[in-house]
Amino acid sequence: MTAQVIDGKAFAADVRARVAAHVARLGEEQGIVPGLAVVLVGEDPASQVYVRNKGVQTREAGMASFEHKLPAETAEADLLALIAELNADPKVHGILVQLPLPAHMNADLVINAIDPAKDVDGFHISNVGLLGTGQKAMVPCTPLGCLMMLRAHHGSLSGLSAVVVGRSNIVGKPMAQLLLGDSCTVTIAHSRTRDLAAVCRGADILVAAVGRPEMITADMVKPGATVIDVGINRIERDGKARLVGDVDYAGVSAVAGAITPVPGGVGPMTIACLLANTLTACCRANGLPEPE
Ligand code: NDP
């Protein structure tokens, strides 16, 4: 068997096109331009790339992009003051503080200073609570993108057995909540899980969000399962820099029913969902119907 490739790039292009069309309508009919503010503190190279891509795609969707780049030594109080300004700015509908923050800052404090209605990353404790209790929330972009691809591939997820490997607040836990919301039977595995391979083999849907290159191997996958690879790992192979996921793509493709590649899977969907969340935040702020 060779797994069907779930083309995240194509899904993401579709989401971005739908967002752009809605943004254009908002402009024409209401004179409203959704705005996303992205705050980057310091010079982490991967973060710089992400922030640049987010700015480009925000503008391409017809939204306003406000980029704030602060030096690594910025005082926490100054960052909090900027967030307060953005919270009060009616042109800004979404605020994203790029993580990780420098070590002298308390990331929880900073994230919880964002107005929950503008928290397009869905990391504010209010949004975490809303998601956990099945209420309308801002949903973290990476798991939301995974869910959208899973729904499109499977139709209903009801009753399927899902295993999420990884329990971070930004991927693993919200992913598990979303799958539970779609009536999967959910297991969250992590570094202390006993016999991870056996746990994973029980999964109809296997989501890997670990940060370990190619650790999910074919023997850990139920034949026909859908495998979503969230991992982004930079490795060197044959003297070349390469990007690989948490899943051994070649091996697992021979067993799984469907699989997301890296790159071109979950990554592009993450930014597309950020744009979708910003549009949703803008519609809510203006009392307008939300996009589908
Ligand atoms: P974290 O480091 O915060 O969490 C990793 C999780 O994996 C932890 O829960 C950890 O367990 C678990 N883990 C580590 N080693 C093992 C192991 N040997 N067996 C089982 N579980 C293990 O990572 P993130 O959730 O932030 O990110 C995960 C991956 O996803 C990374 O590669 C990251 O780059 C990528 N990512 C990709 C995004 C995208 O847009 N595609 C967005 C965000 C992240 P424990 O809690 O016990 O330590």
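Nothing in this text is a laboratory measurement; each read-out follows from the coordinates by a stated rule. Not measured: the values here are computed from a predicted model. So basically every Cβ, Gly included, is an ideal-geometry build from the backbone, and we count neighbours across all protein chains shown.
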I'd like the orientation of helix 266-285 relative to the chain: the angle between its Cα long axis and the longest Cα principal axis, in ° from 0 to 90, rounded to 10. 40 degrees
When the Karplus curve 6.51 cos²θ - 1.76 cosθ + 1.60 is applied with θ = phi - 60°, which whole-Hz ³J(HN,Hα) does each residue of region 91-98 get, with x for Gly and Pro? 7, 9, 9, x, 10, 10, 9, 5
Taking a spot 7 Å from the Cα of residue 106 along the direction of its beta carbon, which residues of region 50-76 have an amide N less than 12 Å from it? 76
Sparse-neighbour loop sites [GluC sites (Glu not before Pro); region 17-105; at most 14 other C-beta within 10 Å; DSSP]: 43, 73
Lone cysteines in the chain, defined as no other cysteine's Cβ under 4.7 Å from theirs: which are they? 146, 184, 200, 282, 283
Calculated SAXS-style log₁₀ I(q)/I(0) at q = 0.12, 0.13, 0.14, 0.22 Å⁻¹ - region 141-268, Debye, Cα scatterers: -0.38, -0.45, -0.53, -1.37
Percentage, to the nearest whole number, of Cα pairs in region 96-154 over 18 Å apart: 41 percent
Where both residues lie in the chain, what percent of DSSP beta bridges are antiparallel, nearest 5? 15 percent
Cα-only radius of gyration and Dmax that characterise region 196-268, units Å: 11.6, 37
Ascending count of other beta-carbon atoms within 10 Å, so fewest first, for 266, 210, 49: 49, 210, 266
Volume per residue (Å³) of the convex hull spanned by the alpha carbons of the chain is 133 Å³
Partner aspartates and glutamates whose C-alpha sits under 15 Å from that of residue 222, ignoring same-chain residues fewer than 8 away, are 195, 204, 248
Positive minus negative residues near residue 86 (Lys, Arg vs Asp, Glu; Cβ under 12 Å): -3
Among 129, 62, 142, the residue whose Cα sits farthest towards the positive end of the charge dipole of the chain, when +1 is placed on the Cβ of each Lys and Arg and -1 on the Cβ of each Asp and Glu, is 142
Cα axis of helix 45-60 to longest principal axis of the chain: angle in degrees, 0 to 90, nearest 10? 70 degrees
For region 155-211 and region 214-292, write down the distance between their C-alpha centroids in whole Å. 14 Å
How far is it, in nm, from the label point at residue 217 to the one at residue 237 when both lie 7 Å from their Cα along the line to the Cβ? 1.4 nm
For region 29-133, with equal point scatterers placed on the C-alpha atoms only and solvent neglected, what are the log10 I(q)/I(0) values from the Debye formula at q = 0.15, 0.16, 0.21, 0.24 1/Å, to two decimals? -0.62, -0.71, -1.16, -1.39
Tell me which residues come under 5 Å, amide H to amide H, from residue 160 once H is placed; ignore anything under 5 positions away on its chain. 185
Give me the lysines in straight-line cross-link reach of residue 118: C-alpha distance below 20 Å, same-chain residues under 8 apart excluded. 54, 69, 91, 136
Angle between the chain longest axis and helix 76-88 axis [Cα atoms, degrees, rounded to 10]: 70 degrees
Loop only per DSSP, at most 10 neighbouring Cβ atoms within 10 Å: give me the trypsin sites (Lys or Arg not before Pro) in region 40-124, ordered by residue number. none
extent check for region 152-210: Cα max minus min per principal axis, descending, whole Å, gives 32, 25, 16
